[in-house]
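Got a structure for you, written out below as structure tokens; questions coming shortly.
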Amino acid sequence: MNPFGLAARNVFRNGRRTSLNAIAIGVGVAIMFICLGWVQGYRTYIYRAVISYQTGAAQLLRRGYEAQAPRLPLDLTIPGYQALRERILRLPGVLGASGRIDFAARIASPRGSVRMLGQGIDAPAEAGVTVLSRKIVRGSYLDGSPGILLGAGMARKLGVAPGSVIFVYATDRYGVVNSIALVLRGVFSFGYGAMDDSLAYVDLASAQELLGLGDEVTRIVLAGPRTQEVEDSARAFAASLAAPGAAAGTVAGTVAGTVAGAAAGAAAGAAPSPEGKPYPSVEAYGWRQFAQATVSGVRADTGSFYVIAVILFALIIAGILNSMSMSVHERHRELATLRALGLRQRGVRRLILYESTWLAALGVAGGFLVAAPIAAWLGLKGVDISAYMPRDFPIPFGEIYHADYRAWHALLSAALGIGASLAGSLVPARRAAKLPIAQTLGGGL
Amino acid sequence: MTLVRLENIVKDYALGRTTIRALRNVSLSIEEGEFTSIVGPSGCGKTTMLNLIGCIDRPSSGSLEFEGAPVAELGDDGEAELRLRKIGFVFQSFNLVPVLSVAENIEIPMMLSRMPRSARRPKVEELLELVGLSDYAAHKPDELSGGQRQRVAIARALANEPRLVIADEPTANLDGATGEGILQAMRELNERAGVTFIFSTHDPRVMRFARRVVRLRDGEIEEGGS
Amino acid sequence: MLLKMAVLSTLRRPRRTALIVLAIALSVFVMEFFSGWVLGMRERMDRKILQETAHILVERKSRLEALDPLAPVDYMADAAAIAAHLRADPRVARVEAVAPLEGLLLAGPKNMGLRLYGFEPDTVFFSQVGRGSLRGSFPFEGPGLAVSRRTLELLGAPEAKSLVLLVQDVDGAPAYRELPVRCVFSTDDSAFDETTAFVDAPDASDLLGTVGAPELWLRLRDPGQAGAVSSAEAGYLAERGCIGRTWQVLQGGMLAMIKLMDLFMYVINVIVLIVAATVITNAILMNVFEKQREYGTLRAIGMKRRTQLALVLIEGAAQGIAGSLLGAALALPVALYLRRHGLAIGAASHAFGMGDVMYFGLSAAATARDVLVGALIALAGSLYAAIVGARASLVDALRRG
């Protein structure tokens, strides 16, 4: 017989009360666990999709572009793209850099024409930044020679196939409507309607020709294994371009190590802007800037989950506080007797807390029993979201959404269940320990 | 050797807005090996005195010494230690833990004093035999009669071989014959093992068993004190 | 007197009563919060349907499959005749020709591509534009444009009195015209503001070189009749190569979204209620057991078992109602605030068709329902506890406590 064993038996003394409390804990733990994995899925799948499909880890844009983004301004470009790209590739954490030109395009085939978002891409560079090159379902990816890529659905609607000639119309930077004929090189499919149905990828040179641009792009997309590092490098680089020494063109040794040092080194060792004038201001943005619907949606969902969790656990703690108090009250003579026999105050406290732990163990076990099959289904089989999401929903949920369960989710949920139980028992435990022995035994030993 | 010494003990209780003086300037010495009963009408302070001697309550003023050392200097943990190793309790309403078996109830003080489990088993058996309940080791308290429960309580009180056993009206909830049996057992333990017994009672038959009687009335010792 | 006993005994143990009342209040608050959210979505949806968009949209069938729904092709040349026919249906309140088109607005060196609507001068649709007009008014008669303030900002011409509208006409040739800015508006949906503008119908058809209208928008006296009206006219429309789509189909995405939110919130409510129910039931059970001796005494002097049951139930009901009302009272200011100012969850709210912020709704019926549920939880817990408590025999009850 030991304190743990006594505690266990005390817990089972009142089956009803114990059951109710265990159910409460179990529900809290189950919900916590299920939701943690669901929310992790956002980060693992959706954020990753957003970054690898479109936004990259960070982007560089001309200052003022983002504010004017709805009109797809062609007067706010980043000049000297090729040289700039060389410098960017030397930044710490950056593995890929690719320039793009965003423009309003009208795509025409013999069957008709449709308005789309055109993106001129530096195809070889883009392959190192996004997964577009791996999403080609028919034909082939762009190789730098003139060509266009369309989404599978749009290609079908336009009645074109790889090899067909497509006309692209756009208003150039001078306000003149230009057109260019391009061969459809390949058909892509991200499985994400918002991109598949609205984007047309054109090789960079053709886009520049169509829009009356020189060696300019509207954005440079950066990629690297650690998004924060890429973002930091981008910011440092943008800042260094604004620094007075940037246009000087003096040769300086590259300082390895610090981000700023490397960026400054890269900047200092490069050629000035084409006209020798000060370089136009460039702004760096993290990928979240370009996925606001996704990020805010995930945040709202995650936020509401945390609020519910707090409410649930507050209820659980209150319930256990109540139960434990009652349990202590019912046994007060017994507890005073144990004290009279020589049990110390901390021994009484520990007894109550052990009981609380047993209760928590029951609740946690029950909670996982219920949650495990649900988690397994959500994680392995996933949920068919496509029925609920409109095709142009701006969050790449994909057709089947998978939650992502990690070991720490289970540990955290269990810890919270146990923590809540203990938290609710602290006050009753203290009260039990402080019972005045003689008084509690009530006038008689 | 003087086991317990009370000097000028005063104990007050608050009852609503009034104060009740349960013990008025009581002085008493208990020697080792005594078999003493504290008697008096109900409300005279017997229980209060036993509570103080057993260190489950503290006097309002006066000094209490156990084995020559002042109890007031012990903190809460010190008192608990004292209760664990030196003092045994037998309660009027037995106060056994209902979820534990008879053997486990007896084992409680041994567990508290960290006696290794291997040593506990034989000791429990020895005690069970002492109180004549060897066959009831696995029973739960609510399966036993009043007398049997009290005997378990006595066995429990003796678990850590205390110097002093305090019993408050130990036979109050037992019928005459059973009560006598209990007292006989206690007396035997006192004579054979030299365990000091102090018990309270208002039953004259029980008083007969005591070698020394201390009479209390209205919180003061009438006779038998020293 | 039973009521007095019940209420007084709850007051005797303030902490436990507080626990029960607060648990119910919290549950009701959560339910109110979420029903307010979904209500807000529904209200927005209703407003969109009732005031801003069509109950039934009639167009040529070929347009549905069209590559470019904004191209000036597949117009209904006989739009006027069709409109007249549809007006004859008593359920139809109004029929209008609406011409969505794609155009470029130019101001100096800057330009911006937008979707424009060619509208009739007395249009009853697009009420959000009129409501949000900052300069001028909408709708208006005569030539002109209605543009959002944001659009003007982007064009770098916030005070512009006129803009050039450039379109591609039926022959594919560019056609442009300078038009006065007759209205500048700002709605609660920045995505709408940045992509939409309005031009008077005569100028639109003139520029495009079209005859007739591409779409006929119907407003019904009762939007619920949309399905019936659509079915009734289906034959007539089919003969003319046209088709009518109801608002249920047109707003299908938003409806699906609302259903999803409904389900989500239902699940959350259930979960919170389960946990609250365990806490409440536990607490009430404790009350009952503590009072065993008291009940036993009352029974000994002649009270019947079912009266004991009633006592427990009344106590539970009292706490339930108190808690529910408290929860509703706490939720009310929150709901009012969010109804006025909305809950900002960022760009995601556009994805829900909600505009820039999520406005909450308020409904007496929903509140009454939530209050009832809260009280029922307490009542259910009490019923269980009462049955369990009343099982004890009199003697046992007297001995306990």
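The values are calculated or read from the model by the stated rules, or taken from the named source; none is laboratory data. A quick note: this is a predicted structure, and the numbers were derived from the prediction, not measured. Cβ atoms come from the backbone with ideal geometry, glycine included; neighbour counts cover every protein chain shown.
A:G99 versus (1) under 30 Å from A:R391 (Cβ atoms); (2) surrounded by fewer than 22 Cβ atoms within 10 Å (Cβ to Cβ): which is the lone unmet condition?
(2) is the only condition that A:G99 fails.
Since C:L263 meets every condition but one in (1) within 19 Å of the chain's Cα centre (by Cα); (2) away from chain A (no Cβ under 13 Å); (3) closer than 30 Å to C:L379 by Cβ, which condition does it not meet?
For C:L263, the failing item is (2).
Quick one: A:R350 ticks every box in (1) surrounded by 20 or more Cβ atoms within 10 Å (Cβ to Cβ); (2) touching a residue at least 24 places away in the same chain (Cβ under 8 Å); (3) part of a helix (DSSP H, G or I) bar one, so which box is it?
Tallying (1) surrounded by 20 or more Cβ atoms within 10 Å (Cβ to Cβ); (2) touching a residue at least 24 places away in the same chain (Cβ under 8 Å); (3) part of a helix (DSSP H, G or I), A:R350 fails exactly one: (1).
While we're here: Could you check how many residues of segment C:190-226 are farther than 16 Å from C:K48 by Cβ, hydroxyl-bearing (S, T, Y) and not in a helix (DSSP H, G or I)?
Residues meeting the conditions: 1.
Just to be sure, is B:D168 closer than 21 Å to B:L23 by Cβ and modelled with pLDDT under 90?
Values: closer than 21 Å to B:L23 by Cβ: yes; modelled with pLDDT under 90: yes.
Judged against the criteria, B:D168 is a match.
I've got another one for you. Would you check if C:R115 is within 14 Å of chain A (Cβ to nearest Cβ) and under 24 Å from C:E59 (Cβ atoms)? Walk me through how you get there before you give the answer.
Working: within 14 Å of chain A (Cβ to nearest Cβ): yes; under 24 Å from C:E59 (Cβ atoms): yes.
The answer is yes for C:R115.
Please state which of the following conditions A:G186 fails to meet, knowing it meets all the rest: (1) under 29 Å from A:P280 (Cβ atoms); (2) modelled with pLDDT of 95 or more.
Checking A:G186 against (1) under 29 Å from A:P280 (Cβ atoms); (2) modelled with pLDDT of 95 or more, the one that fails is (1).
What's the total number of residues in segment C:1-30 that are within 39 Å of the chain's Cα centre (by Cα) and touching a residue at least 60 places away in the same chain (Cβ under 8 Å)?
Kept after step one, since they are within 39 Å of the chain's Cα centre (by Cα), are these residues of segment C:1-30: C:16-30.
Filter once more, keeping what is touching a residue at least 60 places away in the same chain (Cβ under 8 Å): C:16-17, C:19-30.
So the answer is 14.
Going by what's in this entry, would C:F360 be described as closer than 28 Å to A:Q292 by Cα and among the hydrophobic types (A, V, I, L, M, F, W, C)?
Numbers: closer than 28 Å to A:Q292 by Cα: yes; among the hydrophobic types (A, V, I, L, M, F, W, C): yes.
Criteria met by C:F360.
Working carefully through the options C:G209, C:G235, C:G227, find the one that is in contact with a helix residue (DSSP H, G or I) (Cβ under 8 Å, 6 or more places away or on another chain) and surrounded by fewer than 18 Cβ atoms within 10 Å (Cβ to Cβ).
On the way: C:G209 fails: in contact with a helix residue (DSSP H, G or I) (Cβ under 8 Å, 6 or more places away or on another chain); C:G235 fails: in contact with a helix residue (DSSP H, G or I) (Cβ under 8 Å, 6 or more places away or on another chain).
It is C:G227.
Can I ask one more? Quick one: which residue in A:D215, A:D196, A:D172 is among the acidic types (D, E), closer than 16 Å to A:Y141 by Cα and at pLDDT below 95?
Details: A:D215 fails: closer than 16 Å to A:Y141 by Cα; A:D172 fails: closer than 16 Å to A:Y141 by Cα.
Selected residue: A:D196, the only one of A:D215, A:D196, A:D172 that is among the acidic types (D, E), closer than 16 Å to A:Y141 by Cα and at pLDDT below 95.
Pick out the one residue from A:T18, A:T44 that is more than 30 Å from A:M154 (Cβ to Cβ) and either hydroxyl-bearing (S, T, Y) or not in a helix (DSSP H, G or I) (or both).
On the way: A:T44 fails: more than 30 Å from A:M154 (Cβ to Cβ).
So the residue among A:T18, A:T44 that is more than 30 Å from A:M154 (Cβ to Cβ) and either hydroxyl-bearing (S, T, Y) or not in a helix (DSSP H, G or I) (or both) is A:T18.
Limited to segment B:98-132, what total is found for residues that are of a type in the set (K, R) and either on the phi > 0 side of the Ramachandran plot or more than 10 Å from chain A (Cβ to nearest Cβ) (or both)? Steps first, please.
Going through segment B:98-132, the residues of a type in the set (K, R) turn out to be B:114, B:117, B:120-121, B:123.
Of the ones still in play, those that are also either on the phi > 0 side of the Ramachandran plot or more than 10 Å from chain A (Cβ to nearest Cβ) (or both) are B:114, B:121, B:123.
Here the count works out to 3.
Which members of segment C:60-84 meet the condition of being touching a Cys at 6+ places or on another chain (Cβ under 8 Å) and either part of a loop (DSSP other than H, G, I, E, B) or more than 15 Å from C:R219 (Cα to Cα) (or both)? Talk me through it step by step, then tell me what you get.
Looking only at segment C:60-84, we keep the residues that are touching a Cys at 6+ places or on another chain (Cβ under 8 Å), and these are C:60-61, C:76, C:82.
Answer for segment C:60-84, where residues must be touching a Cys at 6+ places or on another chain (Cβ under 8 Å) and either part of a loop (DSSP other than H, G, I, E, B) or more than 15 Å from C:R219 (Cα to Cα) (or both): C:R60, C:K61, C:M76.
So, one more: Check segment A:356-364 and report whether any residue there is hydroxyl-bearing (S, T, Y) and buried (at least 24 other Cβ atoms within 10 Å of the Cβ).
As a first pass, look at segment A:356-364 and keep what is hydroxyl-bearing (S, T, Y): A:356-357.
Pick out the ones that are also buried (at least 24 other Cβ atoms within 10 Å of the Cβ) and you get A:356.
Within segment A:356-364 (the criterion being hydroxyl-bearing (S, T, Y) and buried (at least 24 other Cβ atoms within 10 Å of the Cβ)), the answer is yes, since at least one residue qualifies.
Output yes when any residue across segment C:70-88 is on the phi > 0 side of the Ramachandran plot and free of Cβ contacts under 8 Å to residues at least 60 places away in the same chain, and no when none is.
If we filter segment C:70-88 for residues that are on the phi > 0 side of the Ramachandran plot, which is where we start, we get C:74.
Narrowing further to those that are free of Cβ contacts under 8 Å to residues at least 60 places away in the same chain: none.
No: segment C:70-88 contains no residue that is on the phi > 0 side of the Ramachandran plot and free of Cβ contacts under 8 Å to residues at least 60 places away in the same chain.
Sticking with this one: Restricting attention to segment B:143-175, which residues are of a type in the set (D, E), touching a Phe, Trp or Tyr at 6+ places or on another chain (Cβ under 9 Å) and closer than 24 Å to B:C55 by Cα? Working first, answer last.
Let us first name the residues in segment B:143-175 that are of a type in the set (D, E), namely B:143, B:161, B:168-169, B:175.
In the following step, the residues that additionally are touching a Phe, Trp or Tyr at 6+ places or on another chain (Cβ under 9 Å) were identified as B:143, B:168-169.
Listed by number, the residues that qualify are B:D168, B:E169.
Also, I was wondering about something else. Considering only residues that are assigned to a loop (DSSP other than H, G, I, E, B), hydrophobic (A, V, I, L, M, F, W, C) and away from chain B (no Cβ under 14 Å), which ones fall in segment A:386-445? Don't jump to the end; show me each part of the working.
First, pick out the residues of segment A:386-445 that are assigned to a loop (DSSP other than H, G, I, E, B): A:386-399, A:402-406, A:434-436, A:441-445.
Narrowing the set further to residues that are hydrophobic (A, V, I, L, M, F, W, C) leaves A:387, A:389, A:393, A:395, A:397, A:403, A:435, A:441, A:445.
Result: A:A387, A:M389, A:F393, A:I395, A:F397, A:A403.
Then there's this: Being away from chain B (no Cβ under 14 Å), assigned to a helix (DSSP H, G or I) and buried (at least 18 other Cβ atoms within 10 Å of the Cβ) is the requirement here; does A:A30 meet it? Show your work before the answer.
On the way: away from chain B (no Cβ under 14 Å): yes; assigned to a helix (DSSP H, G or I): yes; buried (at least 18 other Cβ atoms within 10 Å of the Cβ): yes.
Yes, satisfied.
Within segment A:308-321, which residues are free of Cβ contacts under 8 Å to residues at least 40 places away in the same chain and at the interface with chain C (Cβ under 9 Å from one of its Cβ atoms)?
Taking segment A:308-321 first, the residues free of Cβ contacts under 8 Å to residues at least 40 places away in the same chain are A:310-311, A:314.
If the condition is that a residue be free of Cβ contacts under 8 Å to residues at least 40 places away in the same chain and at the interface with chain C (Cβ under 9 Å from one of its Cβ atoms), then A:I311, A:A314 are the ones that fit.
Given the criteria in contact with a helix residue (DSSP H, G or I) (Cβ under 6 Å, 6 or more places away or on another chain), within 12 Å of another protein chain (Cβ to nearest Cβ), free of Cβ contacts under 8 Å to residues at least 24 places away in the same chain and closer than 20 Å to B:K86 by Cα, does B:R156 qualify?
Values: in contact with a helix residue (DSSP H, G or I) (Cβ under 6 Å, 6 or more places away or on another chain): yes; within 12 Å of another protein chain (Cβ to nearest Cβ): yes; free of Cβ contacts under 8 Å to residues at least 24 places away in the same chain: no; closer than 20 Å to B:K86 by Cα: yes.
No; evaluated as a whole, the condition is false for this residue.
Let me ask another. Take segment A:387-403 and flag every residue that is at pLDDT 75 or above and of a type in the set (S, T, Y).
Answer for segment A:387-403, where residues must be at pLDDT 75 or above and of a type in the set (S, T, Y): just A:Y401.
Checking A:L343 against (1) within 12 Å of another protein chain (Cβ to nearest Cβ); (2) under 30 Å from A:L441 (Cβ atoms); (3) touching a residue at least 40 places away in the same chain (Cβ under 8 Å), which single condition isn't satisfied?
A:L343 satisfies every listed condition except (3).
Every residue in segment C:272-294 that is touching a Leu at 6+ places or on another chain (Cβ under 8 Å) and either more than 14 Å from every other protein chain (Cβ to nearest Cβ) or under 25 Å from A:A309 (Cβ atoms) (or both), please.
Result: C:V272, C:V275, C:A276, C:T278, C:V279, C:T281, C:N282, C:A283.
Of the numbered conditions (1) over 13 Å from the mean Cα position of the chain (by Cα); (2) assigned to a helix (DSSP H, G or I); (3) of a type outside the set (V, I, T); (4) away from chain B (no Cβ under 14 Å), A:G5 fails exactly one; give the number of that condition.
If we test A:G5 against (1) over 13 Å from the mean Cα position of the chain (by Cα); (2) assigned to a helix (DSSP H, G or I); (3) of a type outside the set (V, I, T); (4) away from chain B (no Cβ under 14 Å), just (4) comes out false.
Condition test on B:G88, is it in contact (Cβ under 8 Å) with a residue 24 or more places away in the chain, assigned to a loop (DSSP other than H, G, I, E, B) and either away from chain A (no Cβ under 11 Å) or touching a strand residue (DSSP E or B) at 6+ places or on another chain (Cβ under 7 Å) (or both)?
Values: in contact (Cβ under 8 Å) with a residue 24 or more places away in the chain: yes; assigned to a loop (DSSP other than H, G, I, E, B): no; either away from chain A (no Cβ under 11 Å) or touching a strand residue (DSSP E or B) at 6+ places or on another chain (Cβ under 7 Å) (or both): yes.
In short, no.
Here's something else I'd like to know. Sort through A:A407, A:A420 and tell me the only one that's among the hydrophobic types (A, V, I, L, M, F, W, C) and either modelled with pLDDT under 90 or buried (at least 16 other Cβ atoms within 10 Å of the Cβ) (or both).
Result of the check over A:A407, A:A420: A:A420.
Does at least one position in segment C:170-189 carry a residue that is over 20 Å from C:P139 (Cβ atoms), assigned to a strand (DSSP E or B), among the hydrophobic types (A, V, I, L, M, F, W, C) and over 37 Å from the mean Cα position of the chain (by Cα)? Step through it out loud before you land on a result.
Going residue by residue through segment C:170-189, those that are over 20 Å from C:P139 (Cβ atoms) are C:170-176, C:178.
Checking the rest, the ones that are also assigned to a strand (DSSP E or B) come to C:174-176, C:178.
Next, from what is left, pick out any that are among the hydrophobic types (A, V, I, L, M, F, W, C): C:175.
From the residues that got through so far, the ones that are over 37 Å from the mean Cα position of the chain (by Cα) too are C:175.
Checking segment C:170-189: at least one residue is over 20 Å from C:P139 (Cβ atoms), assigned to a strand (DSSP E or B), among the hydrophobic types (A, V, I, L, M, F, W, C) and over 37 Å from the mean Cα position of the chain (by Cα).
With respect to the numbered conditions (1) in contact with a helix residue (DSSP H, G or I) (Cβ under 6 Å, 6 or more places away or on another chain); (2) more than 14 Å from chain A (Cβ to nearest Cβ), which one is the sole condition not fulfilled by C:L218?
Unmet for C:L218, out of (1) in contact with a helix residue (DSSP H, G or I) (Cβ under 6 Å, 6 or more places away or on another chain); (2) more than 14 Å from chain A (Cβ to nearest Cβ): (1).
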